[in-house]
Amino acid sequence: MVRSSGLQGIITLLESFSIDAIALSEKYGVNKNDLLNSDSLIPLKSVTAILEESAILTNCDFFGLELSKFQDIEVLGPIAMVVKNAKTIRDALRLATKYMHIHSPGIVLTVFEQSSYVSGAVELSLSVESESQSDCKQCLELCLADLHKILKFIIGESYHPIAVAFTHGKLSNKYRTVFGSKIIFNHFRTGIHLSPEILDIPIKLRSEAYLKIAEDYIKNNYQLKNEEIDTKVEKMLYSFLGTEQAGKEHICEALAIHPRTLQRKLAKKGTKFEEIKEQVRKKVLFGYLTKTNTELQKLTEIIGFSELSSMSRACKKWFGKTPSEVRQTSSIE
């Protein structure tokens, strides 16, 4: 599900092409009232289908990017107030990831402290729940363009992405115009790659009182996720993998939990911190080896191995093959 604000502006945009947005939406199970009410929850599958067919009907390969022109930070509804009143960009992103399920549980924002493309950069990754990558290209481009606009709004003129990446191929020639940075296609993840200093930029004209009001409103009006401790650790490890923050002490500090308490809670779940970290490394390594051409030496840095030989031994242990062999076969039997 997703708030219908995600389709904000589509009626006006489709009308400019002489296409009936209401009829198209109803074709995919979204009635007029839900389309007009920004707080209505509509199937995410319907939204992705509407956007894909809109691109076909209008012969506009950049439909998602174009629709973003009609949207701004307010598309996030109650999350917008939290983001605008966070202390820093890092806090704003942390709160956005925390509450994103309110907008849509199928749209996931993740902050990776180690970019998958640029050494020393951070990566803001977006994923959209879909049966296949081809089903959600326009939705991904819309979401990433919205994220880009929101960052520019809260950061100001000092915001300049290093690179923007998409998991799909090139659809149009509009990317440079929208993002003003290097564009990468068919990448491992869809996301925006930034200088890490940007995360520490303070947000101007914020209010601690408004932040509290916004968070209280969300807590009182929405069902918040109550994630299990192992899931929280896993998410933290994905974000910090390849940095010194991926150690147990730093993860405990980020979760505001004592190491012994974490150990005890994980034991109740039948796992350990080291086991979760190994599984995260395994999944990330497999993804990079089968979906990217990233150099093996750089992978050691991204995944957090001290040297290539250590990563090779781990790869052999996990998959029975060397990194090069995994890359050649692109599948684990």
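The values are calculated or read from the model by the stated rules, or taken from the named source; none is laboratory data. Keep in mind that this is a model prediction, so the values were computed, not measured. Virtual Cβ from ideal backbone geometry, glycine too; neighbours counted across all protein chains shown. Protein only, heavy atoms only, side chains kept; ligands, DNA and RNA dropped before computing areas. Shrake-Rupley method; radii C 1.70, N 1.55, O 1.52, S 1.80 Å.
With the convex hull drawn around the C-alpha atoms of the stretch 224-270, the volume per residue stands at 76 Å³. The calculated FRET efficiency for Glu244 paired with Ser18, based on their beta-carbon distance and R0 = 56 Å, is about 0.50. Divide the volume of the convex hull around the Cα atoms of the chain by the residue count and you get 153 Å³ per residue.
Return one number: the angle in degrees, 0 to 90 and rounded to the nearest 10, between the long axis of the Cα atoms of helix 273-291 and the longest principal axis of the Cα atoms of the chain. So the helix axis and the longest Cα principal axis differ by about 60 degrees. A simple spin-label model places the labels of Gln328 and Tyr210 5.9 nm from each other, with each point 7 Å out along Cα-to-Cβ.
Give the relative contact order (percent, whole number) for the stretch 105-217; include only Cα pairs under 8 Å separated by 6+ residues.
Working: 160 pairs, mean separation 31.1, N = 113.
Contact order relative to length: 27 percent.
State which entries of Lys98/Lys204; Lys87/Lys268; Lys182/Lys283; Lys27/Lys235 exceed 32 angstrom in Cα-Cα distance in the structure shown. All intermediate terms of the calculation are to be shown ahead of the outcome.
Working: Lys98/Lys204 22 Å; Lys87/Lys268 36 Å; Lys182/Lys283 27 Å; Lys27/Lys235 37 Å.
Flagged as over cut-off: Lys87/Lys268; Lys27/Lys235.
Counting charges near Leu211 (Lys, Arg +1; Asp, Glu -1) among other residues having Cβ under 12 Å from its Cβ returns a value of 0. When +1 charges are put on Lys and Arg Cβ atoms and -1 charges on Asp and Glu Cβ atoms, the dipole computed for the stretch 119-234 relative to its Cα centre reaches about 620 debye. Stretching the chain fully between Glu275 and Lys98 yields a gain of 61.3 nm (0.36 nm per residue, less the alpha carbon separation). Normalised per residue, the accessible area of the chain is 50 Å², obtained with a 1.4 Å probe and no contribution from ligands, DNA or RNA.
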